[in-house]
1. Bin all alpha-carbon pair distances of region B:105-153 at 5 Å intervals from 0 and give each bin's fraction as a whole percent.
2. Comparing A:33, A:157, A:285, which has the greatest mean-square fluctuation in the GNM of chain A with Cα pairs linked when under 10 Å apart?
3. Report the Stokes-Einstein translational diffusion coefficient (µm² s⁻¹, integer) for region A:178-305, Rh taken as the Kirkwood radius over Cα pairs, at 4 °C with viscosity 1.567 mPa s.
4. How long is chain A along each principal axis, judged by its Cα atoms, biggest number first, in Å?
5. Distance from the Cα centre of region B:171-207 to that of region B:5-65, in angstrom?
6. On a 0 to 90 degree scale, rounded to 10, what angle separates helix B:260-272 from the longest Cα axis of chain B?
7. Largest first and in whole Å, what are the equivalent-ellipsoid semi-axes of region A:207-264 based on the Cα gyration tensor, each being the root of 5 times an eigenvalue?
8. Measure out, as a whole number of angstrom, how far apart the alpha-carbon centroids of region B:108-164 and region A:84-148 sit.
DNA sequence: GCAGGATCAGGGAGCGCTCTCAGCAGTACG
DNA sequence: CGTACTGCTGAGAGCGCTCCCTGATCCTGC
């Protein structure tokens, strides 16, 4: 029979009564206190304190049409994705930023196609002020749905459909400099004196994989096609690709894998074939996924991206867009994609090469 | 200027008008349609469809005092915790279950002590119907705060303060059978003919670590104290503990580490000292943390817990308690801890030994 | 010392929904 | 054929809050 149950939660009315002011004045104080004289502010503050008043968010939302909540949509077709700390870190960054702005984080995990409709409905339902979306695959229907829902959105990772390809205004996104990071990795291998450098790509329906491949090509301008093998971001895929590479080109002396997981698979194959790393073959991964990169033997040289910062930035961009939109469009017209007009556009974060033992 | 912005979202009123019924009837249909004759139900359904009506959750919550939302609180003092897929999987399980019951998942990540107060305030604010809490440390103030907030809660992992130690009713929680899993691991080592079996504990301010240690002791009833070394669930801690164990007892032939991360550290030390695994020393971990357990060389024999199922169960328990509470206490009195009276109590899930190469 | 302007408090409407309660069918029975 | 009863439907009252707008208060300038 806790006191905080229904019957006893104080309302603004109660606070006003106790402070001897009107509901309106109490409301002003609770929402910042502008335009209320100091002594009254003080009295209301004390009443709030004494009563343990907490505003009823539902009542507030009903009239303001703001929710102080942001949806985070993680489309997750593969279990693999979730098995790495990527999203956890990103969530952390997002959470920090939202918390600092008194917004809540509503997590929407999708499981297969049917779920997309559910998410679309939820977003369209106007339950949140905006959405942060991780769109992983080129053919993902999610962006379309979200655009249809008319919710201000920031994407994590460059959406597959590029900029302006569709009728929609170009999307706002936060991404790592995948291409630049890849370039740096390959250049590092070259600087080590390696000349026959191979690349194990990620799943090429994801922009990150495509961008890393592009980065590889930037440096290895006319690479032998046999030096490129398509992987899928999994360790098994890395093994497969490594075998294929070695079969096609046994004398390769450097490998850049599009993520650490594949690098670890590649490492096993290299060892299995009696090749020493980094002596015979230098190996570089991507992500700096700690439990993997640090635990391999030899430890993995890799390209680090600041994942938590990406999350934080996504949230910041969204919130900024939200308030900018509100200021521009006016309180009555907020909520549409136009809410992001005038807001800063996409951000690409730099990567850093982390040198360990494998290259 | 998307159509879904403020002005145009249809209200129940609009649906009712279009269907030629009253708001009340429309509401009944939207909420299940009991007690409304079929032709009217049909008409309302069509109107909803045509108008693309989505109920305004804020307005609904305002009167029902339900939110169809559950908070998930993850206290996370250490980065380590987040670096493993544990929470991700648990979240997935939770999400699935909540989705099936049309509830939303509000994620609350805490960062340091100050954040606890924030979480307490939020929970007490009555923004959610219940909470799922991961309380990791014995001295965590969170459970106290949550009890104070009077929100129905299910814990992930046995809370440190045991059952009934505090004045609170014994908490509802979902946990793995840490003790039983540990026993099975140690028995497996014994069955392999190992007699000098050591244990690397986890951070002993966490119940999972304590329980695993207890399981070890259950089998190794009078183990030499030198065969137990305290770790901290990190690879580095595993290395340290392994060194300590080997120094104190160079002829040990089996090691049970309280998690896979520490096992991987131990593995490195064993190799470094020229000991073969599993020939000289058999090694078992805990968690079956795939990116680690499968990638080590040799791959790790370990104790698997069904993490996703844990999450699902937590959510199920909470939701069941919520509806049970509502039925018992009546719609006016829900929301207090009593909401869980009569609900099923804690659940401990079985673990399974996964045999790989290390033991 | 008083009008005029600025500033600030309060009354009241209404956000969209649920739910109680009264009322009106339709049916069965006297 | 009238009455009682069951079963649906609709009118209306708020849930707690914000915000517009009116009215009161205070200060400034002449």
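Each value in this text was obtained by applying a stated rule to the coordinates, not by laboratory testing. Keep in mind that this is a model prediction, so the values were computed, not measured. Positions of Cβ are generated from backbone atoms using ideal geometry, with glycine treated the same way; all protein chains shown enter the neighbour counts.
1. The distribution over region B:105-153 is 5, 22, 37, 27, 9, 1, given as percents.
2. Answer for the Gaussian network model of chain A: A:33.
3. 95 µm²/s
4. Principal-axis extents of chain A (Cα, largest first): 85, 43, 36 Å.
5. Distance between centres, Cα-based: 55 Å.
6. Approximately 20 degrees, to the nearest 10.
7. On the way: eigenvalues 54, 51, 14 Å².
They are 16, 16, 8 Å, listed largest first.
8. With region B:108-164 and region A:84-148 each reduced to a Cα centre, they are spaced 25 Å.
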